[in-house]
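For reference, the structure discussed in these notes is given below.
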């Protein structure tokens with residue numbers, strides 16, 4: 001059960017991405033790469049548990065990721 | 001599946017909105033990037049809280065980036 005294989009199964013599913021600095025995103029996983037850079041669509045940006053904005057698509061740089069929950 | 005760097009390639013010569021690790025935001029036209037997510041932005045505007053700075057052309061080091069939203 002490799003992490004990126006599990007991540008691959010979450011493609012086109014809703015995921016919660018928890019980032020460093022009390023940030024996060026909730027959206028549909030559209031893609032990723034070996035750095036765990038992510039593409040999310042229909043994503044909500046979360047700061048201190050509040051939704052701060054909604055975007056059609058967004059790239060998240062992998063080094064900020066704490067966890068991704070499908 | 002859309003790989004992160006291919007979405008960035010599609011955003012070339014378009015406006016992007018960047019969130020940085022220190023909560024600054026940069027908005028500008030994406031003129032180039034590399035595998036590290038280093039980027040060249042044109043007509044860049046930096047927003048830090050309610051303070052806005054016009055920067056023109058910027059070479060941004062990729063390690064500061066949290067997220068990139070094509071506009």
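List of remarks:
- Residues located in the stretch B:8-57, provided they are over 20 Å from residue A:58 (Cβ atoms) and out of contact with any strand residue (DSSP E or B) (no Cβ under 9 Å at 6 or more places or on another chain): B:49, B:50, B:51
- Single residue of the stretch A:2-28 satisfying the filter (outside any loop (DSSP other than H, G, I, E, B) and within 9 Å of chain B (Cβ to nearest Cβ)) that is farthest from residue A:59 (Cα to Cα): A:8
- Only residues that are out of contact with any helix residue (DSSP H, G or I) (no Cβ under 8 Å at 6 or more places or on another chain), at the interface with chain B (Cβ under 10 Å from one of its Cβ atoms) and within 22 Å of residue B:9 (Cα to Cα) were counted in the stretch A:31-53, giving 3.
Every residue, every condition in (1) farther than 24 Å from residue A:46 by Cβ; (2) under 10 Å from the mean Cα position of the chain (by Cα); (3) at pLDDT 95 or above, yes or no:
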residue: B:2; (1), (2), (3): no, no, yes
residue: B:9; (1), (2), (3): yes, no, yes
residue: B:16; (1), (2), (3): no, yes, yes
residue: B:19; (1), (2), (3): no, yes, yes
residue: B:26; (1), (2), (3): no, yes, yes
residue: B:30; (1), (2), (3): yes, yes, yes
residue: B:34; (1), (2), (3): yes, no, yes
residue: B:48; (1), (2), (3): no, no, no
residue: B:63; (1), (2), (3): no, no, yes
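- Output for the stretch B:9-48, where each listed residue is exposed (fewer than 14 other Cβ atoms within 10 Å of the Cβ) and either part of a loop (DSSP other than H, G, I, E, B) or touching a helix residue (DSSP H, G or I) at 6+ places or on another chain (Cβ under 8 Å) (or both): B:12, B:13, B:14, B:22, B:23, B:34, B:35, B:36
- Screening the candidates A:58, A:68 for the property of being more than 12 Å from chain B (Cβ to nearest Cβ), within 18 Å of residue B:4 (Cβ to Cβ) and at pLDDT 95 or above yields one hit, A:68.
Residue by residue, here is whether (1) within 11 Å of chain A (Cβ to nearest Cβ); (2) in contact (Cβ under 8 Å) with a residue 40 or more places away in the chain; (3) closer than 21 Å to residue A:17 by Cβ holds:
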site	(1), (2), (3)
B:4	yes, no, yes
B:8	yes, yes, yes
B:14	no, yes, no
B:18	yes, yes, yes
B:29	no, no, no
B:38	no, no, no
B:59	no, no, no
B:65	yes, yes, yes
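- Residue A:21 meets the stated requirement of being at pLDDT below 95, surrounded by 12 or more Cβ atoms within 10 Å (Cβ to Cβ) and touching a helix residue (DSSP H, G or I) at 6+ places or on another chain (Cβ under 9 Å).
The values are calculated or read from the model by the stated rules, or taken from the named source; none is laboratory data. Because the structure is a prediction, the values reported are computed rather than measured. Note that we place each Cβ from the backbone using ideal geometry, even for glycine, and neighbour counts take in every protein chain shown.
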